[in-house]
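To start, the structure itself, in structure tokens.
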Amino acid sequence: MKLRPWMMSVLALSITLADASRGRAGSLESGKAVFARCASCHSTRPGQNGVGPSLFGVIGRRAGTAPGFRYSSAMTAFGRVWDPGLVSAYLADPKTVVPGNKMTFPGLKSAQDRDNIAAYLSSLK
Ligand code: HEC
């Protein structure tokens with residue numbers, strides 16, 4: 001059988017998905033750099049909310065529960081506890097994972113960036 005370009009894409013995609021489900025560990029330092037893309041809306045200080053809620057302690061916290069932040073009803077209703085895998089999935093496609101949420105951020109295309117940011121967020125406690 002001759003390998004065609006589309007077959008290569010299918011192959012690449014399945015490798016990407018397998019990688020994602022294995023949950024590689026991210027790098028805290030690189031995640032800190034990626035956080036520059038979140039910092040216009042999110043603080044890492046406890047209780048300091050901006051356009052978005054403070055992300056201090058977000059890993060292990062139930063979605064939609066940072067004190068003093070007015071969430072969309074979609075995020076409150078989502079109600080799951082953030083863990084590194086869930087944050088990574090949310091950041092891949094915020095509008096699909098939590099339909100109707102009000103974070104106007106298109107998402108992070110790179111799985112490596114998402115793993116790194118999840119590692120960084122895990123350190124904020
Ligand atoms: C343009 C502003 C903006 C940017 C940029 C942004 N966010 Fe958000 N984010 C929000 C808003 C607003 C919410 C609250 C959503 C809601 O209530 O529906 C939110 C919610 C979240 C939540 C859920 C928090 C909770 O308490 O349940 C996480 C996690 C999150 N953002 C992570 C990130 C990360 C990581 C980045 C950068 C890669 C990022 N966001 C970039 C505005 C932003």
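Scoring residue 77 on the criteria (1) within 6 Å of the ligand (Cβ to nearest atom); (2) hydrophobic (A, V, I, L, M, F, W, C); (3) not in a loop (DSSP other than H, G, I, E, B) leaves a single failure, condition (1). The set of residues from segment 28-49 being of a type in the set (Ser, Thr, Tyr) and either within 14 Å of the chain's Cα centre (by Cα) or assigned to a loop (DSSP other than H, G, I, E, B) (or both) comprises 40, 43, 44. Residues in segment 97-120: is at least one surrounded by 15 or more Cβ atoms within 10 Å (Cβ to Cβ), of a type in the set (S, T, N, Q), near the ligand (Cβ under 8 Å from one of its atoms) and without any contact (Cβ under 8 Å) to a residue 60 or more places away in the chain? Yes, segment 97-120 contains at least one residue that is surrounded by 15 or more Cβ atoms within 10 Å (Cβ to Cβ), of a type in the set (S, T, N, Q), near the ligand (Cβ under 8 Å from one of its atoms) and without any contact (Cβ under 8 Å) to a residue 60 or more places away in the chain. Scan segment 33-53 and give yes if some residue there is modelled with pLDDT under 95, open to solvent by less than 90 Å² (accessible area, probe 1.4 Å) and farther than 19 Å from residue 119 by Cβ, otherwise no. No, segment 33-53 contains no residue that is modelled with pLDDT under 95, open to solvent by less than 90 Å² (accessible area, probe 1.4 Å) and farther than 19 Å from residue 119 by Cβ.
Among the residues here, residue 18 qualifies as at pLDDT below 95 and open to solvent by less than 50 Å² (accessible area, probe 1.4 Å).
Against the test of being open to solvent by less than 40 Å² (accessible area, probe 1.4 Å) and at pLDDT below 95, the options 79, 64, 57 yield a single qualifying residue, 79. Within segment 23-59, the residues that satisfy the criterion of being more than 9 Å from the ligand (Cβ to nearest atom) and among the basic types (Lys, Arg) are 24, 32, 45.
The values are calculated or read from the model by the stated rules, or taken from the named source; none is laboratory data. Being a predicted model, the structure only gives us computed values, none of them experimental. Using ideal geometry, Cβ is built from the backbone for each residue, glycine included, and neighbour counts are taken over all protein chains shown. Just so you know, the surface numbers come from the protein's heavy atoms only, side chains and all, with ligands and any DNA or RNA stripped out. Shrake-Rupley method; radii C 1.70, N 1.55, O 1.52, S 1.80 Å.
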